[in-house]
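Contents: one structure, followed by commentary.
FYI, it's all coordinate maths here, none of it is from the lab. Worth saying up front: this structure is predicted, and the values here are computed from it rather than measured. Positions of Cβ are backbone-derived with ideal geometry, glycine not excepted, and every protein chain shown enters the neighbour counts.
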Amino acid sequence: MKKGWAVLLLAASLTAAGCSSNNDDGGNAGNGGASASSQASASASTVDWAPIIDSYRQFSVEQADTFIAETDKFVAAVKSGDIDTAKQLYAPTRMYYERIEPIAEALGDLDPDIDARENDVEDKDWRGFHRIEKFLWVDNTTAGAEDYADRLLEDAKSLRALMETVEIEPALLVTGAVELLNEVSSSKVTGEEERYSHTDLYDFAANVEGARKIYDLLQPELAKKDAALDTSIGTSFTNLEDALADYKSGDGYVSYTDLKEEDTKKLSQLIDALAEPLSQMGVILGA
Amino acid sequence: MENGNRNDTGNSTKQDQPQAGETPLLEQSFEERQASGLLHKSVSRRELLKMAGIGGAGLLLGAAGLGAVFKGNVFGEAAPATRASSRPNSSGIVDFYGTHQAGIATPSPNFILFAAFDVTSGSLDSVRSLFQAWTAAAAAMTRGEPVGEESGNDHLPPTDTGEAVGLSPSRTTITFGVGPSFFDNRFGLAGKRPAALVDFPAFGGDELRPEWCGGDIAVQVCSDDMQVAFHAIRNLSRIGRGKVVLRWTQEGFQRTSAADPEGATPRNLLGFKDGTANPDTASETEMSEVVWAQAGDGANWMNGGTYMAVRRVRMRIEVWDRSTLADQEQTFGRHRASGAPLGSRNEFDAVDLDAKDANGKPLIPLNSHVRLARGDGSARILRRSYSYSSGMDNKTGQLDAGLLFICFNRDSRKQFIPMQQKLGQSDLLNEYIVHNGSAHFACFPGVRQGGYVGETLF
């Protein structure tokens, strides 16, 4: 593992150096691209990425392992025709996946196999959680969903296996945090993700938790590099988490249908307020 | 809008001509010709302003032949004196810095993008630093420059959003103000709320919708290019993320100089020529009397600022379109084709309110727009409105279009409010319009280079 990301880091510095010379050749690289890039490699080399990447890998492996275990229970409920239990397990199970979605998305076709919504893919290819969601909430039955349940468990295991092969680059972490919030912004806060079960807030919370994990890992470096930015991100996370806590219900969250327009607007604005400074975390990668 | 009037300032537009366009009435073309003649002699910008101001006003008086020129009224039945002040230089840059904020007395470019924001962070420090960042960004954008230097770090989003790269400054102005809600207990500024910054009373004809009302902060972007205007609001919103959120926005337009090179009196969306009786923006005396708040008015920090009324006035387009020509002309008190007062032949004929028809009834109806607009001339405001079209109303399938009425005045309690109260009660036009958005703001005094917008308050 260590070897893997060390190589990637080296590649990243080489890329940065390449950029800088290109800029020089171009002659019109604004704003001193060359010096910015040299700073970039300098500061990238000052960050000790090894423990950060290791921690994140550990986190994502834990999530993936639990994801398989919980999916197993969910699948069992579907296959035994226990629709109430299946409905109960559906949203909490998904959260383990949603927390590590950037990694899953880096693994090619697995994300659509597990998480495609209706019409995201051709009907013949549509499987995964949302296909089963439709059985449970629209057709109100588990009948016919059994095969999809089996496939889902297989896909979850494939995900876990593939994770052994993926290299986690610093850039993946930095952009992954923003991507998690973009997921929330584009489908969860609008209720598009869980259009039959309306359990969008579970995904919402899980995405935010996944982003929070990345931020927590990067925070010490960020505080060194740009303390004001770090404070701004920290405050914005707290604001969002506090707001989200208002919608907790028991161990989970209220239905999306319980949200009023003002609720979703407020949540959406808090996401934007957080994601904007979060998108500046790349400062620890250079410049 | 009181009346559906379009705005006065306006037409301006041609880059190499003075802003004559802003005065819609015929007189304006005199002024325009005059001003453009001056321009061709390539006098300096300063000289031009001076000459256009004086000469324009004189011409206007002569042409209109009525003392009413400066006795404005809401609807601007008389032509504005001159709007040639603060003409942008040939680069299309309107100075951001100055005694007063740009976008008030400066000529009206073709488009507007108005945005109201609410502050979400609770500290005055945060608001202050936001205004400092906004000031730098706004000054840069009005010069046609990006909001900041790019970092050179590929792992960061670009500093500027990029859609205005390569576009000219386009006479862009960015004007800031704060509303009554800004002076609640959040920032410790309650004691600095100007007495003039009242919550508007309910006016006749109001059907206000919360989604188009109020706001802690107003940002008015005017530009000759909508993409440039959008870029400005987008980047200011982005800079403000985490501190402010958008509350409402409205785009507006007026016919461009490309469509009307002659700069004739513009027509509002009801099809009538609409003029205004604005004060002479070139006259500091007059502007100080009508528009600029003074130190002695009550709030020292507003010295050189002004109060802005924003009203989203929807026109009942479909209803208007099926009313007869006679009804339409009675409503305005003018002929539609020529713009002449009823009973007269030419657009600039004097309005004779005493004229009677064969039966002894007034030719110009008592509640017609023209008549009410003239009023007694005691209350004056600087109108700077734009037409708007916001697609359709999904509830009715009808067009959502009308006037984004904007005016500036020294004390809304004495100027805009009484004027609107009168109009809201009796204007015949009320059958065809409805006010569904409203906001009131205190626009800061101008800012000097090195300072920031709002520093007199913060």
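Values computed for the structure shown
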| read-out | value |
| --- | --- |
| Stretchable slack from B:Leu167 to B:Ala202, in nm (0.36 nm times residue separation minus alpha-carbon distance) | 8.3 nm |
| Residues with amide H under 5 Å from that of B:Leu363, placed H, sequence gap 5 or more | B:Ala355, B:Lys356, B:Asp357 |
| Extension gain from A:Lys157 to A:Lys265, taking 0.36 nm per residue of separation minus the Cα-Cα distance | 35.2 nm |
| In sequence order, calculated HN-Hα J values of region B:97-106 (Karplus, 6.51, -1.76, 1.60; Hz; x Gly/Pro) | 8, x, 5, 10, 5, 6, x, 10, 8, 7 |
| Prolate/oblate/rounded call for region B:354-393, Cα gyration tensor, a/c under 1.5 rounded | oblate |
| Relative exposure of B:Thr142, A:Thr199, A:Thr238, judged by other C-beta atoms within 10 Å (fewest first) | A:Thr238, A:Thr199, B:Thr142 |
| Karplus 3J(HN,Hα) series, Hz, for region B:342-353 with 6.51 cos²θ - 1.76 cosθ + 1.60 (x for Gly, Pro) | 4, x, 10, 9, 10, 3, 9, 4, 4, 7, 9, 6 |
| Test item: Cα-centred dipole of region A:49-285, Lys/Arg +1 and Asp/Glu -1 on Cβ, debye | 380 debye |
| Pairwise FRET efficiency - A:Val138 versus A:Lys79, Cβ, R0 = 22 Å, nearest 0.05 | 0.70 |
| For region B:359-403 and region A:189-263, distance of Cα centres in Å | 48 Å |
| Rounded to whole Hz, the Karplus (6.51, -1.76, 1.60) HN-Hα couplings of region B:218-224, x for glycine and proline | 10, 10, 9, 10, 10, 7, 7 |
| Cα shape, region B:303-458, gyration tensor, a/c 1.5 rule | oblate |
| Quotient of C-alpha Rg and 2.2 N^0.38 Å, computed over region A:164-255 | 1.20 |
| Test item: Cα-centred dipole of region B:178-241, Lys/Arg +1 and Asp/Glu -1 on Cβ, debye | 400 debye |
| Average other protein chain Cβ within 10 Å of Cβ, residues B:153-164 | 5 |
| Separation in nanometres of the label points that stand 7 Å from Cα toward Cβ, at B:Lys395 and B:Glu455 | 4.6 nm |
| Around B:Pro180: net Lys/Arg minus Asp/Glu count, Cβ-Cβ under 10 Å | -2 |
| Least to most buried among A:Lys248, A:Lys124, A:Lys79 (fewest other Cβ within 10 Å first) | A:Lys124, A:Lys248, A:Lys79 |
| Neighbouring partner chain Cβ atoms per residue of B:120-127, average, 10 Å criterion | 1 |
| Efficiency of FRET between B:Asp125 and A:Glu146 - r from beta-carbon atoms, R0 51 angstrom, step 0.05 | 0.30 |
| Estimated FRET transfer efficiency (B:Arg345, B:Asp376; beta-carbon r; R0 41 Å; 0.05) | 0.95 |
| Net charge of neighbours whose Cβ lies under 15 Å from the Cβ of A:Tyr215, counting Lys and Arg as +1 and Asp and Glu as -1 | -3 |
| Selection from B:Thr285, B:Gly205, B:Ser237 lying farthest towards where the dipole of region B:196-322 points positive, charges on Cβ | B:Ser237 |
| Cβ crowding within 10 Å averaged over residues, with A:216-228, B:125-137 ranked highest first | B:125-137, A:216-228 |
| Amide H contacts under 5 Å for B:Cys213, placed H, 5+ residues apart | B:Ser438 |
| Whether region A:49-285 is rounded, prolate or oblate, judged on the alpha carbon gyration tensor where a/c under 1.5 counts as rounded | oblate |
| Under-5 Å amide H pairs with B:Arg334, H placed in peptide plane, nonlocal only | B:Leu342 |
| Point-to-point label distance, B:Thr99-B:Gln421, nm (Cα→Cβ direction, 7 Å offset) | 3.2 nm |
| Pairwise label distance in nanometres, B:Glu211 with A:Gln88, each label 7 Å out on the Cα-Cβ vector | 4.0 nm |
| Fewest-first sequence of B:Arg383, A:Arg160, B:Arg314 by Cβ atoms within 10 Å of each Cβ | A:Arg160, B:Arg314, B:Arg383 |
